[in-house]
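Working notes, structure below.
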Amino acid sequence: MTLRELIEKLPDTETHGDTSIPISSLTCDSRAAMPGVLFFALRGSQTDGHCYIEKAVAAGAAAVVLEDAAFAPAGLPWVKVPDGRAAMGHMAALFNGDPTATVPLIGITGTNGKTTTTYLIEAILAAAGQPAAVLGTISYRFGATAIQASHTTPESTELQSAFRKLAEAGAQSFVMEVSSHALEQRRVDGCHFDVGIFSNLTRDHLDYHGTMESYLEAKSRFFSELLRPTQEKPRRRAAVNMDDPYGEEIARRSACPVITFGIKGNCDVRPTAVTSSVNGIRATMKTPAGEFEFASRLLGRFNLSNILAATAAGVALELPLPAIRYGIENHTTVPGRMERVENSRDVTCLVDYAHTGDALENVLATLKEIATGRIITLFGCGGDRDNGKRPIMGRIAATMSDLAIATSDNPRTEDPSAILKQVKAGMTPLGLREYRLEELAGGFTERGFTVVENRHEAIRLAIRLALPGDIVLLAGKGHEDYQIVGTVRQHFDDREEAAAAFAGECK
């Protein structure tokens, strides 16, 4: 494909040099520059890609896309654009054959619930005869094709390449998680969405966005800009969770018709006659297309909300209700989302990705509804991330558990003990007993909390303290099979650690 073909539909471009040159690949990383590459000079929060143009040219880049002509390379074709990231998104889509222009694409944004909802929609689409590729936190996958996920939503060059490869593997639809970072950084510009889902908005990523208002603006862009009906996708729909305080505002800003869903109120998609137990959820689902009864193996109110979101997406796509029901009922567990660790001690051990206050509160509220014994919660907070949520998570864990064990998550470059001190600040004012490790040698008899910095030791303690009928929740890391200490990423999997502890193999 030539440079001229890549830019012919871009507005407000200024070109210099021979645009008929062939382009073999796209990149915004000067380290990946080579002959035939089109290099995008992007401005970032810490670095400016314009400063790397010279390096990309020296490596053989064929042409450059930039925002500031003062950095234009001599003797090489270049294109000046108002927004480099937006241009890269649209050009990456075109370069890869515009893979989302002619097949359904469902995007899910929100703080919590995205991954589980993608799995539910995947099952619904499969039941409807539209097998879906899923792009999310864990991986980008379809059948035997799996591409390791570098981010929840990758750079547009990587994303559009993944779409193309998954389509070539046989995917007839796409379901993807859309992060707030990706929306603000325009990584999904060039994607042709059919349905956009808003799950919820709670405190997270404030280390990046700064304020909840800024976080809301990033999420809103999905609905106000990327869901505008177009010639390619004239019947776009938004599915919005009206149980969330921000739902009404998101719906108001939507550029396309909205399908509302929620447990409370008279939403378009809502459940009635709900029963919940350790075996899952049963309810009758009411939708604009009719109603149906379903039974799901998922647990709790927050998963009921995920089921509603997936149902709303199915209704927006005008899928048959039997397919929606079949998808809900045949959905299996998601890695690291309320994932059970089997054992012979009659202890319910669950590994969950809950790493925000809201997510942890939702999980614990669910467990309290179904618990017949005690709840032991192990959790931590990541380093180099929003430190304001640390005491919040400490308070929630201590308030809603019989024993809360604060430990390291991914401390990264922060001092783990300093992180735990901030977590503990939310626990000590509650008047609960703070256990020393030696006091727990014989178990515990009253509600309280303790701090164990080493996560391996903390998991071993939680498993040892559990009695038959108890619930042990290992929260924060979920599907992750690593721990980042300093700048080193080392193998660590909560599921493996728990299984070893039950087997008595911890050393």
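The values are calculated or read from the model by the stated rules, or taken from the named source; none is laboratory data. Predicted, not measured: the structure shown is a model, and the values here were computed from it. Every residue, glycine among them, receives a Cβ derived from its backbone with ideal geometry; neighbour counts consider all protein chains shown.
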- Task: Go over the candidates Ala239, Ala218 one by one and state the one that is in contact with a His (Cβ under 7 Å, 6 or more places away or on another chain) and either at pLDDT below 95 or assigned to a strand (DSSP E or B) (or both).
- Result: Ala218
- Note on the structure: Within the range 399-432, the residues that are under 16 Å from Leu461 (Cβ atoms) and either assigned to a helix (DSSP H, G or I) or among the basic types (Lys, Arg) (or both) are Leu420
- Item | Residue that is farther than 19 Å from Leu120 by Cβ, at pLDDT below 95 and buried (at least 18 other Cβ atoms within 10 Å of the Cβ), where the choices are Gly336, Gly357, Gly265 | Gly357
- Note on the structure: Scanning the range 31-58 for residues that are in contact with a helix residue (DSSP H, G or I) (Cβ under 6 Å, 6 or more places away or on another chain) and in a strand (DSSP E or B) gives Phe39, Phe40
- Test for Val472: is it in a helix (DSSP H, G or I), in contact (Cβ under 8 Å) with a residue 12 or more places away in the chain and crowded, with 19+ Cβ neighbours inside 10 Å: no
- Message: Can you tell me how many residues within the range 244-301 are assigned to a loop (DSSP other than H, G, I, E, B), within 26 Å of the chain's Cα centre (by Cα), of a type in the set (Gly, Ala, Ser) and farther than 13 Å from Phe223 by Cβ?
- Response: 2
- Failed item in (1) within 27 Å of Cys256 (Cα to Cα); (2) in a strand (DSSP E or B); (3) of a type outside the set (S, T, N, Q), with His181 passing the rest: (2)
- Item | Exclusive hit being within 28 Å of Asp481 (Cβ to Cβ) and either assigned by TED's automatic domain parsing to the domain that holds Leu298 or touching a strand residue (DSSP E or B) at 6+ places or on another chain (Cβ under 8 Å) (or both), set Asp384, Asp402, Asp415 | Asp384
- State whether the residues of the range 46-55 include one that is in contact (Cβ under 8 Å) with a residue 60 or more places away in the chain and not hydrophobic (A, V, I, L, M, F, W, C). no
- Query: Looking at the range 415-428, is at least one residue within 26 Å of the chain's Cα centre (by Cα), among the aliphatic types (A, V, I, L, M) and more than 16 Å from Thr377 (Cα to Cα)?
  - Reply: yes
- Item | Among (1) at pLDDT 95 or above; (2) assigned by TED's automatic domain parsing to the domain that holds Ser179 - the single one Gly110 does not satisfy | (1)
- Can you tell me which residue in the range 416-456 is surrounded by the most Cβ atoms within 10 Å (Cβ to Cβ), limited to those that are out of contact with any helix residue (DSSP H, G or I) (no Cβ under 9 Å at 6 or more places or on another chain) and among the acidic types (Asp, Glu)? Glu439
- Task: Sort out which residues of the range 121-148 are assigned to a loop (DSSP other than H, G, I, E, B), under 20 Å from Ala323 (Cα atoms) and of a type in the set (A, V, I, L, M, F, W, C), and write them in order of number.
- Result: Ala128
- Message: Suppose we keep only residues that are surrounded by fewer than 17 Cβ atoms within 10 Å (Cβ to Cβ) and of a type in the set (Asp, Glu) within the range 360-386. Which one would you say is nearest to the chain's Cα centre (by Cα)?
- Response: Asp384
- Query: For His331, which of the numbered conditions (1) modelled with pLDDT under 90; (2) under 18 Å from the mean Cα position of the chain (by Cα) fails to hold?
  - Reply: (2)
- Name the residues in the range 339-354 that are among the acidic types (Asp, Glu), assigned to a strand (DSSP E or B) and surrounded by fewer than 23 Cβ atoms within 10 Å (Cβ to Cβ), would you? Glu339
- Task: Looking for whichever is on the phi < 0 side of the Ramachandran plot and at pLDDT 95 or above here; the options are Ala74, Ala56. Which one fits?
- Result: Ala56
- All positions within the range 59-84 that are surrounded by fewer than 19 Cβ atoms within 10 Å (Cβ to Cβ), part of a helix (DSSP H, G or I) and touching a residue at least 24 places away in the same chain (Cβ under 8 Å): Ala69, Phe71
- Index of the failed condition, Lys368 passing every other in (1) over 25 Å from Met427 (Cβ atoms); (2) touching a residue at least 12 places away in the same chain (Cβ under 8 Å); (3) not aromatic (Phe, Trp, Tyr): (1)
- Of the residues Phe449, Phe444, which single one is part of a loop (DSSP other than H, G, I, E, B) and of a type in the set (Phe, Trp, Tyr)? Phe444
- Message: Given the criterion part of a loop (DSSP other than H, G, I, E, B) and either of a type in the set (Gly, Ala, Ser) or under 24 Å from Glu184 (Cα atoms) (or both), identify the matching residue among Asp18, Asp12.
- Response: Asp12
